[in-house]
Amino acid sequence: GQVFRLEDYRPSDYLIPQTRLTVRLAPDATTVVAELTIERRPGGDAAPPLVLDGDGLKLKRIELESVAQPAHEATPERLVLNDLPATDRFTLILETELDPDDNKALMGLYRSNGVYCTQCEPEGFRRITYFLDRPDVLSVYHVRIEAPHAAAPLLLSNGNPVASGELGNGWHFAEWHDPHPKPSYLFALVAGDLGRLGDSFTTMSGREVELGIYVEHGKEKLAAYAMDALKRSMTWDEEVFGREYDLDVFNIVAVSDFNMGAMENKGLNIFNDKYVLADETTATDTDFANIEAIIAHEYFHNWTGNRITCRDWFQLCLKEGLTVYRDHEFSADQRSRGVKRIAEVRTLRALQFPEDQGPLAHPVRPRRYREINNFYTATVYEKGSEVVRMLRTILGAAMFRAGMDLYFERHDGQACTIEDFLKVFEDVSGRDLSQFGLWYNQSGTPNLTIKPSYEAGTLTLEIEQSVPPTPSESRKRAMHIPLAFGLIGSDGKELEWTEVEGASVEDGVIHVRKRSHKLRFHGVAERPILSLNRGFSAPITLAVEQKPEDLIFLAGHDSDPFARWQAFNTLLTDSLISAYRCVRGDTRLRFPSQIAQLAGRIAADASLEPAYRALAITLPSETDIARDIGKDIDPDAIFVARRGLSDFIARSNHEPFAELYRELRDDGPFSPDAAGAGRRALRNVVLGYLARIEGGADLAGTQFSAATNMTDLVAALGTLAHDHAGSPQAEAALADFAARHGAMPLAMDKWFQIQATAPGEQALDTVRALMRHPAFSADNPNRVRALLGTFSGGNQTGFHRADGAAYAFFAEMLKDIDQRNPQLSARLATAFRSWRSLEPVRQQKARQALASIAGASDVSVDLRDIVERSLA
Ligand code: HT7
Ligand code: ZN
């Protein structure tokens, strides 16, 4: 397949300042008339050919400056015109015919549950009409939609509504005009019969914006939380970034078939319904938090993505990393900052670290791709956000804001690069950010090794940085790593120093810039306990010689919530890895009693937020442990080690945990806010511990029957189905859940997930059987992810069965899904990315499964790209 390279970027020869679309909707024969105003780019070549992108298109009619059938070459993938008018500006009219019902790839125009909708990012617009389908071609869109009134009373597109009316024969039309020039990937159209939740927002300059969230009829009430999150997002962006909304309407539509979370189309966001619909009986606290974050994320794109967009897809992190940073900050302000930060780091380590440490590693700004859809990754999004956060740490809050203000002022209406972004910060601060820029260009997770020593009032830190080799980058340059830290005295207070040499240290941050530093802090009153990478100031791994007593001290006293959580997490990880070695060496498991005591103390510490306590006593997941072990992984041994520690902590704290569980009973009215969610989280983590000691099944069974919200219900169901699989309580609860929620696909996803993640090799048969369940559909991405995605990504013992049966099954499923939805199959296939860290027998089976995909003849570019890079 073709490889696209960053260095090959060239501006287009033509521009399309105006686009008029007339879309006449019918399920299997929709016609699209595109009237394009085309201009030669000023300063370009004399009369280059016009080459427009297409994807599977059928051209029905073409007209150039009112001349029908001008000379042209049209294939489904391209339209080329060689003889163009001598004028600078001309009009090209194109008519294409589409089959929305046949579109299972969910790119371009398709129908989901009777609702016509579009997904154009990154290259879906070319499935609607021939176009310069690239983000640096900005056009003003005027869209007319025609449809039968009965099937589609609602007709939406970007911008503001400007006309509507009847057409006779039961047909009607609506026209929308979007005054803001935008790239084609932000185009959207929705038509169907949907219910509406309406509201309004007054912006900071006093303009009224009409807000609408469109959902299936009868589900309007389930959009109330999303609406509230939207209004809070609009206020927050005004207060924190000075950004005001810029159209008269803002609409959100929820659809049930969607490849990702949501899409930021200008003025018309389209959402996976999973991230809109929620009440306490159908959504968990995690769902509520995700809805809040994703509503905010898409809204924030209006400035970071839409008003200022990307020059090309290599710059994807320009909008995504920055917007994730903004949604993280929003959630931190709406909820608990410390708890939010811990959750972010857990996600980064679970999703991005394995990517950066495996065959799919790429820089935050990649330099080459075969399929851009495969680069909507945790590296671009999550590591991209961490890079923006580091920039803020380095510059300070005020300078960062000044830089952002300059970015909006200087680049509004433009398609930009990472260089443009970094330049505004250089200009406001006068600093040279060229070394910092490596964070965008160099892949791999940097590691810092730190050796501390203390003598006569001087603390010495020997710091070494290294970046491991990654595909196509064997030699790495030293990076600028901002390492936030504290020196803690025996009384728990921060220690001062009089002088420091060996690196620049400012506002509690060591600026590591060289491969090695020898730092000396003079005038330190006693041997300090080191608190390092506070707030996870840099996305790195850290190897520090630190005694268990120091970690125990930090876990109880560090004033930085992240570092405090990290200290206990390190203790847990260390004992899990030792236990794993015991399991593999066939020796008895032993755990230090201090760990269980500390877990008990943290759980009961009323001075700490319940949400924090819940995170602190949650054991590292089986995948976390595997990542930290790094090689020759035996997932069964990890499972035994982890269960051993869990049982040890539970038995050591039986009484206090039982007491805490009773105390945390929710008696007030339900609130999805952070405080309520935190109490439920703590209670359910404690339930997880209690579940396996005597009476555990009854306890979970009672919670299941008494639960008045989805969070408590699925926690109880998960405990029953995982820890008491096959018990009468588990069977009854599974049946009861399906009876209650069978008609609500989003709730059934939780039922699929729980069963797909039940540990042990029988999970494969369960998954096979569930694929035949009436609530399952192999065409719906949410169903597929709930069953196959959680099985492959969240069931270590089930997916990594030693006989390789699950790998072979999964490979077959991928090939089947790939026939309809390549984006989905490619995404799922990343479950294989860490196959080389497995023990040899599993490694060989996983390689076979990957090879069976690589060897198939009808594999999409998307899936082939992931499989071949994984095998390389
Ligand atoms: N900008 C969007 C990315 C996206 C997408 C969304 C839905 C379906 C397919 C998609 N491909 C890429 C999502 C976002 O980051 O906001
Ligand atoms: Zn985004």
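Taking the C-alpha atoms only, the angle from helix 593-604 to the longest principal axis of the chain is near 60 degrees. Among Cys120, Leu25, Leu64, which residue has its Cα positioned farthest towards the positive end of the charge dipole of region 19-149, with +1 placed on the Cβ of Lys and Arg, -1 on the Cβ of Asp and Glu, and the dipole taken about the Cα centre? With unit charges placed on the Cβ atoms, the residue in question is Leu25. Rounded to the nearest 10 degrees, the inclination of helix 384-395 to the longest alpha-carbon principal axis of the chain is 70 degrees. Would region 746-872 count as rounded, prolate or oblate if I go by the C-alpha gyration tensor, calling it rounded below 1.5 in a/c and otherwise prolate when a/b exceeds b/c, oblate otherwise? The shape class here is oblate.
Note on region 62-132: with charges restricted to the Cβ of Lys and Arg (+1) and Asp and Glu (-1), its dipole about the Cα centre is near 240 debye. In this rough spin-label picture, where each label sits 7 Å from Cα along the Cβ direction, the Arg5-Thr235 distance is 5.2 nm. Evaluated with a Cβ-only charge set (Lys, Arg +1; Asp, Glu -1), the chain carries a dipole of roughly 2020 debye about its Cα centre, given to the nearest 20. Sorted into 5 angstrom bins from 0, the C-alpha pair distances of region 309-441 split as 2, 10, 19, 23, 20, 15, 9, 2, 0 percent. Multiplying the residue separation of Glu812 and Asp605 by 0.36 nm and subtracting their alpha-carbon distance yields 69.6 nm. Quotient of the Cα radius of gyration of the chain and 2.2 N^0.38 Å, N being its number of residues: 0.97. Each residue of region 678-683 was assigned a 3J(HN,Hα) from its phi angle through the Karplus curve 6.51 cos²θ - 1.76 cosθ + 1.60 (θ = phi - 60°); the sequence is x, 5, 5, 4, 5, 4 Hz, with glycine and proline shown as x.
Here each label is just a point 7 Å from Cα along the line to Cβ, and for Ser200 and Arg401 those points are 3.1 nm apart. Along the axis of the charge dipole computed for region 746-872 (Cβ charges of +1 for Lys and Arg, -1 for Asp and Glu, origin at the Cα centre), the listed residues Ser777, Leu787, Gln819 are led at the positive end by Leu787. In this Cβ point-charge picture (+1 for Lys and Arg, -1 for Asp and Glu), region 309-441 has a dipole of about 380 debye about its Cα centre. Pull out a ≥ b ≥ c, the square roots of the eigenvalues of the alpha-carbon gyration tensor of region 51-181, then state rounded if a/c is under 1.5, prolate if not and a/b is larger than b/c, and oblate in the remaining case. Since a/c reaches 1.5 and a/b is larger than b/c, the shape of region 51-181 is classed as prolate.
Gain on full extension, evaluated as 0.36 nm per residue between Thr498 and Arg475 minus their Cα-Cα distance, stands at 4.5 nm. Listed values for region 733-745 are Karplus-derived 3J(HN,Hα) couplings in whole Hz (6.51 cos²θ - 1.76 cosθ + 1.60, θ = phi - 60°), namely 5, 4, 5, 5, 4, 5, 5, 6, 10, x, 8, 10, x, and x replaces Gly and Pro.
A DSSP coil position with no more than 16 other Cβ atoms inside 10 Å describes the following trypsin sites (Lys or Arg not before Pro) in region 539-596: Arg588, Arg590.
Kindly identify region 528-610 as rounded, prolate or oblate by the Cα gyration tensor criterion: order the square roots of the eigenvalues as a ≥ b ≥ c, call it rounded if a/c is under 1.5, otherwise compare a/b with b/c, prolate if a/b is larger, else oblate. In terms of gyration-tensor shape, oblate. Highest-first packing order for the peptide set 496-505, 175-184 is 175-184, 496-505, based on the mean count of other beta carbon atoms within 10 Å. Taking amide H positions as modeled 1.01 Å from N, with prolines and chain starts lacking one, the residues under 5 Å from Arg78 and 5 or more places away or on another chain are Gly54. For Val512, the residues whose amide H sits under 5 Å from its own are Ile481, Leu483, ignoring neighbours fewer than 5 places away on the same chain, with H placed 1.01 Å from N.
Legend: residue pairs Lys423/Lys518; Lys58/Lys274; Lys518/Lys547; Lys104/Lys750; Lys319/Lys340, Cα-Cα distance threshold 26 Å; pairs beyond threshold, Lys423/Lys518; Lys58/Lys274.
State, as an integer percentage, the relative contact order of region 600-652 based on alpha-carbon contacts under 8 Å between residues 6 or more apart.
28 percent
Using r as the Cβ-Cβ distance of Arg207 and His522, and R0 as 51 Å, what FRET efficiency do you calculate, to the nearest 0.05? It comes out at approximately 0.30.
If we sort 715-726, 667-678 on the protection proxy, mean other Cβ atoms within 10 Å, highest first, what's the order?
The peptides rank, most packed first, as 715-726, 667-678.
Can you tell me the orientation of helix 224-241 relative to the chain, as the angle in degrees between its alpha-carbon axis and the longest Cα principal axis, to the nearest 10? That helix lies at roughly 90 degrees to the long axis.
Over region 447-538, Cα pairs under 8 Å with separation of 6+ residues give a relative contact order of 36 percent.
Readers should treat all values here as calculations from the given coordinates under stated rules, not as data from a laboratory. Just so we're clear, the structure is a prediction, and the values are computed from it rather than from any experiment. Quick reminder, even Gly has a Cβ in these numbers, built from the backbone with ideal geometry, and neighbours come from all protein chains shown.
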